[in-house]
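Novice: Below: one structure in structure tokens.
Derivation of every value follows stated rules applied to the coordinates shown; laboratory data play no part. Everything quoted here is computed from the prediction, not taken from an experiment. All Cβ positions, even for glycine, are placed from backbone atoms using ideal geometry, and neighbour counts span all protein chains on display.
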Amino acid sequence: MTGAVRLEELGIPGVLAIARGFEDDANTAADVHGMPILRLVVMPGYFWGRQPREAKKPLAEAHCDELVEALLRPLSIEEQKPTQKKIWIEPVEIIAENYEAAFEEFNQSFLENRWGDGLPLVPPTPERVKWMLSGTSRSPDEVIGKVAPGNGIATIEKIAINAVMAGARPEYLPVIIAAMEGLTDPDFDVLHPQASIGNFTLAIIVTGPIANEIKMNSGIGYLGHGWRANNTIGRTVRLCLINCGYVWPGISDMANVGRPSSHTYYTFAENEDFNPWEPYHADRGFKPEDSCVTVTTVGGYGGFAVSHLIGRSAPELLDGMVKSMSSYRRIFSLFRRGTANPAAHWTKHIIALYPQAAADLHNLGFTRERLANHIYERTSVPFEELGPDEVRGLQERIKGSIEGGMLFADMIPPELIAGFEESLKPGGKIAVLISPKDIHLVVAGTGSGVPGNVVWFSYIKAVYRWTSHQTKLVRGATLTKAGR
């Protein structure tokens, strides 16, 4: 949709071909981009990725005349000067015969207006919003950034309003703000996890001393229920993305079956008490004593589902990690330039090691960086072992990365292209990852001595930007010692 609008703004007429069921999505996106009237041709089904090409030919032939007519039809007066919507929402006032009735009406009204997530909300009264803002020294009017796909503006006050509705406490607010700073960073691809048909989700990982201060769970059940900080921090982010990004299932969020843990995402803290290394954020350029939040896309249902590896010893676990990572070698041969195939995209991996597993690997002499490099090297494939289709795919990928016009998830970053060209020669080795920096190692889970366990979150790299992984500093806290 964004591309179609840009072409129209350049004076190039366009018609958007969409699948049936995506009409509301297309019209909403056009409205958001300031072009509420955009010509559409609706196809009978979703034909993305259909192979071979011959299977697509009847579809194109059946709609060719309709596409041509839509391109040639003169513009109507309304199309020449579309009316722009002006939206201004007055403060909501709900009056009922008693508090219980008012509370029910409030929740039903917010859900019908798509301001909620389907669970009961806490009314964001001015008093409660003021109470929530007491958790930060930052100005309520401070702009954090725009939230795709609706491009609504996230401010400190708007985040606080959503935090109230989610049931959060003021001391959580600086952590929530840092998460939203990561998601609205211009380099972060938030559009894809907000709107894609893919059923993936987000992980929100809190590291540093503030996690213990606000009583986040990093041990047994760290992805589960029962922890107000974990659950309401994640829920606030979910509500912010709904209300600032204007997403709603089937309207602008087109995830086929929804997103796992979509009410709270995977929100947890690193287990600092049993971490043999410095906090994760120290490897991201921050001071060990800092408190930070990392936001990242992770797999949902299907081929990129969260997985669990078990090894009886550290070497056995390491072998299992290498074997699992090596399976992504498939991206070499599956890549076809001009075809968007998630199975051929580059991947990234967030590996949450149980404390005992981290300790055992640490005792073998591994730092985080050494462990990531070790996995990266062991999963690299010698040039001589590559099959013809793998070489073809890699050559196409290198050429496309130089010429451009591909999704970011398929491209090799400009500064790494020369290295890939050199590796695709006798004596060279090609890695299944862009870089060892795409292996992110955190420590979480039970500290009771359970050996050789990791929880593995994997997903493709960002599609519309270079990254979908950001770490931000927690700052402005007023109710905790950390994060000030």
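Novice: For the chain, what Kirkwood radius comes out of the mean inverse Cα-Cα distance, in Å?
Specialist: 24.5 Å
Novice: A follow-up question, please. What ratio of Cα Rg to 2.2 N^0.38 Å holds for region 308-376?
Specialist: Scaled against compact globular proteins, the figure is 1.34.
Novice: Of the trypsin sites (Lys or Arg not before Pro) in region 401-463, which ones lie in a loop per DSSP and count no more than 16 other C-beta atoms within 10 Å?
Specialist: Filter output for region 401-463: empty list.
Novice: Computed over the Cα atoms, what is the radius of gyration of region 2-80 divided by 2.2 N^0.38 Å, N being its residue count?
Specialist: 1.17
Novice: Counting each pair of different Cα atoms once, what's the Kirkwood radius of region 367-430 in Å, rounded to one decimal?
Specialist: 12.8 Å is the Kirkwood radius here.
Novice: Just add up the charged neighbours of PHE383: K/R +1, D/E -1, any other residue whose Cβ is under 9 Å from the Cβ of PHE383.
Specialist: 0
Novice: Can you flag which of LYS146/LYS472; LYS158/LYS287; LYS437/LYS472; LYS399/LYS425; LYS323/LYS429 are past 19 Å Cα-Cα?
Specialist: LYS158/LYS287
Novice: What is the list of residues in region 176-192 whose amide nitrogen lies under 20 Å from a point 7 angstrom out from the Cα of GLU142, following Cα to Cβ?
Specialist: 176-188
Novice: Quick one: P(r) of region 182-298 from all Cα-Cα pairs, 10 Å bins, percents rounded to integers, in order of increasing distance.
Specialist: Result, from short to long distances: 14, 42, 31, 12, 1 percent.
Novice: What ranking of ARG73, ARG475, ARG312 emerges when the number of other C-beta atoms within 10 Å of each C-beta is taken as an exposure proxy, fewest first?
Specialist: Neighbour counts put them in this order, fewest first: ARG312, ARG73, ARG475.
Novice: Could you tell me whether region 383-484 comes out rounded, prolate or oblate from its Cα gyration tensor? Rule is a ≥ b ≥ c as square roots of the eigenvalues, rounded for a/c under 1.5, then prolate if a/b exceeds b/c, otherwise oblate.
Specialist: Oblate.
Novice: Compute the projected area of the convex hull of the Cα atoms of region 72-123, averaged over all viewing directions, and report it in nm² to one decimal place.
Specialist: Orientation-averaged projected area of the Cα hull: 6.4 nm².
Novice: Right, here's the next one. Go through 145-151, 242-248, 112-118, 61-67 and give me the packing order, highest mean Cβ count within 10 Å leading.
Specialist: The most tightly packed comes first, giving 242-248, 145-151, 112-118, 61-67.
Novice: Give the calculated FRET efficiency between ARG312 and LYS399 to the nearest 0.05, with a Förster radius of 51 Å applied to their Cβ-Cβ distance.
Specialist: Once the sixth-power term is evaluated, E becomes 0.65.
Novice: Something else: At 222 nm, what value in deg cm²/dmol follows for the chain if DSSP H runs of at least 4 each add -39500 (n - 2.57) and the sum is divided by all its residues, to the nearest 500?
Specialist: Mean residue ellipticity at 222 nm (helix-derived): -10000 deg cm²/dmol.
Novice: Among 214-221, 264-271, how do they line up from the highest to the lowest mean number of other beta-carbon atoms within 10 Å?
Specialist: 264-271, 214-221
Novice: Here is a further query. Note down, for region 99-258, the three equivalent ellipsoid semi-axes (square root of 5 times each alpha carbon gyration tensor eigenvalue), biggest first, whole angstrom.
Specialist: 22, 20, 17
Novice: Assuming R0 = 60 Å, can you tell me the calculated FRET efficiency for the pair PHE383 and LEU75, based on Cβ-Cβ distance, to the nearest 0.05?
Specialist: FRET efficiency, PHE383 to LEU75: 0.60.
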